[in-house]
Ligand SMILES: Cc1cc2nc3c(=O)[nH]c(=O)nc-3n(C[C@H](O)[C@H](O)[C@H](O)COP(=O)(O)O)c2cc1C
């Protein structure tokens, strides 16, 4: 019997909402980014709804926005991922815990240890969002004047991945015999010293932690350049991606999946999860009103700066309460620009409303009823636009509660989302195999 393909759902939780106006929405928790009681409650609600994973993005600098925009945004600051996820591991049982760690600014021995620890602490629920860090300001926080060049970052990332996974394989799964009789705590024949010397890294090993319960924590990637996609195809088991619509999503899906077979990897062993910003209402009008109300909390200064960037044209002189004027061609992304022009025309938005929407969140969005959102998600799944989504909630807690209470049951009713967890590790949730140990093949 073939099982209907299932959606995989992650929750994008750093910061708790990506929408810059979220903390001002009526009933929202303005301090949620730094309030553990709130974050715990959100994680437990996501687990009760059977989400695959709680995902913490991370940045190694305050985001590089003009201070007039920064001062109004809750998105520029949040907890350090491992500290938070370790605390969440103790108050959840099943949900995956994905942390971001940088291959440019971190050391592989640190990264291997932290993920191995989180995997043990959580009983096999850790995932590593491997990023090369694109924000140049991060360099300034690590004693560097300049950011490493893009292709070098990706070459280092590839080597970094080999070292980290090599360190995770330092011990055979049954190396720790703990033989009270003989007094042997571990069997030295089941220990491998990596002794890595490469272009960017030199690491002796072994790791001072037993092999993680999942073998390797799940490796996730979010790069979008050619080098980023290549690294994803070679190394990642899940890809987070920003896709503006289904057509673009299908192209990305086909491209990345096609790169797997020549590498000897199964299509199914890499899950593609675009980010989706969801606003749920009891009617389409109510959902649109919520989105429109949310956007009013984006300050005009921040909004107009974002709109100018997206249009590739200075919009600060436009009449805020007039329609969007004709704009000359520019170097900005054509598809992003067209989407914004279409919004303005189709919905009759003023420049102010448009600026506030773009300044709030302008990626893929699903605004509607539980049924219409489930329809969209099902279409993405059936037409191979994705294997699921990384959900972004518009405001907390209500936006998350609406999704878990209304959309999730609709997806379950259609048989495209689990009603119960069938495993207890993140690999099991995502349908991924446990990697063999490269130094100690299964006997
Ligand atoms: C959904 C998503 C999540 C991301 N999370 C992070 C993050 O937490 N930290 C980070 O430094 N970069 C993050 N990025 C940025 C990517 O890692 C990458 O730098 C960016 O997409 C540019 O890719 P490129 O360098 O391949 O062009 C994220 C990107 C996406 C699409």
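A few comments on the model shown:
- Taking 12 Å as the cut-off, the amide N atoms of segment 212-255 that come nearer than this to a point 7 Å along the Cα-to-beta-carbon line of residue 338 belong to 245, 247-248.
- If both residues of a DSSP beta bridge must be in the chain, then about 15% of such bridges are antiparallel.
- With N counted as the residues of segment 232-297, its alpha-carbon radius of gyration over 2.2 N^0.38 Å works out to 1.56.
- Cα centroid separation, segment 129-144 to segment 146-205 (Å): 24 Å
- In terms of surrounding Cβ atoms within a 10 Å radius of their Cβ, 319, 172 rank from fewest to most as 319, 172.
- The per residue volume of the convex hull around the alpha-carbon atoms of segment 106-155 is 94 Å³.
- Note that segment 219-378 shows a convex hull volume over its alpha carbon atoms of 128 Å³ per residue.
- Summarised as an ellipsoid, segment 286-436 has semi-axes of 36, 18, 14 Å, derived from the eigenvalues of the Cα gyration tensor scaled by 5 and square-rooted, with the largest first.
- Between residue 186 and residue 224, the contour length at 0.36 nm per residue exceeds the Cα-Cα span by 9.4 nm.
- For the residues 32, 112, 266, a GNM of the chain with alpha-carbon springs under 10 Å puts the largest fluctuation on 266.
- Acute angle (nearest 10 degrees) that the helix 36-48 long axis makes with the longest principal axis of the chain, alpha-carbon atoms: 80 degrees
- Euclidean distance of C-alpha centroids, segment 206-227 and segment 385-443, integer Å: 18 Å
- Between segment 75-89 and segment 233-279, the Cα center-to-center distance that results, in Å: 26 Å
- Rg and Dmax [Cα atoms of segment 145-208; Å; Rg one decimal, Dmax integer]: 16.6, 57
- The helix-only estimate of mean residue ellipticity at 222 nm for the chain, built from DSSP H runs of length n ≥ 4 each weighted as -39500 (n - 2.57), is -11000 deg cm²/dmol after division by the residue total.
- Point-to-point label distance, residue 263-residue 296, nm (Cα→Cβ direction, 7 Å offset): 4.8 nm
- Were the residues from residue 151 through residue 83 laid out at 0.36 nm apart, the gain over their Cα-Cα distance would be 21.4 nm.
- Isotropic mean projected area of the C-alpha convex hull, segment 316-359 (nm²): 3.1 nm²
- For segment 74-187, diffusion coefficient by Stokes-Einstein and Kirkwood Rh (Cα), 25 °C, 0.890 mPa s, µm²/s: 151 µm²/s
- Diffusion coefficient of segment 184-271 by Stokes-Einstein, Kirkwood radius over Cα pairs, 37 °C, 0.692 mPa s: 208 µm²/s.
- Each semi-axis of the equivalent ellipsoid for segment 1-158 is √(5λ) with λ an eigenvalue of the Cα gyration tensor; in descending order they amount to 27, 23, 15 Å.
- Cα extents of segment 139-294 along the three principal axes, largest first (Å): 72, 42, 39
- Square roots of five times the Cα gyration tensor eigenvalues for the chain, Å: 39, 25, 21
- Residues 306, 330, 224 in ascending order of nearby Cβ atoms (within 10 Å, fewest first): 330, 224, 306.
- In degrees, nearest ten, helix 226-235 long axis to first principal axis of the chain (Cα): 40 degrees
- The alpha carbons of segment 259-352 give a radius of gyration and a Dmax of 18.3, 56 Å, in that order.
Every read-out reported here was derived from the displayed coordinates using simple, explicitly stated rules and does not represent laboratory data. The structure displayed is predicted, hence computed values, not measured ones. Cβ: placed from backbone, ideal geometry, glycine included. Neighbour counts: every protein chain shown.
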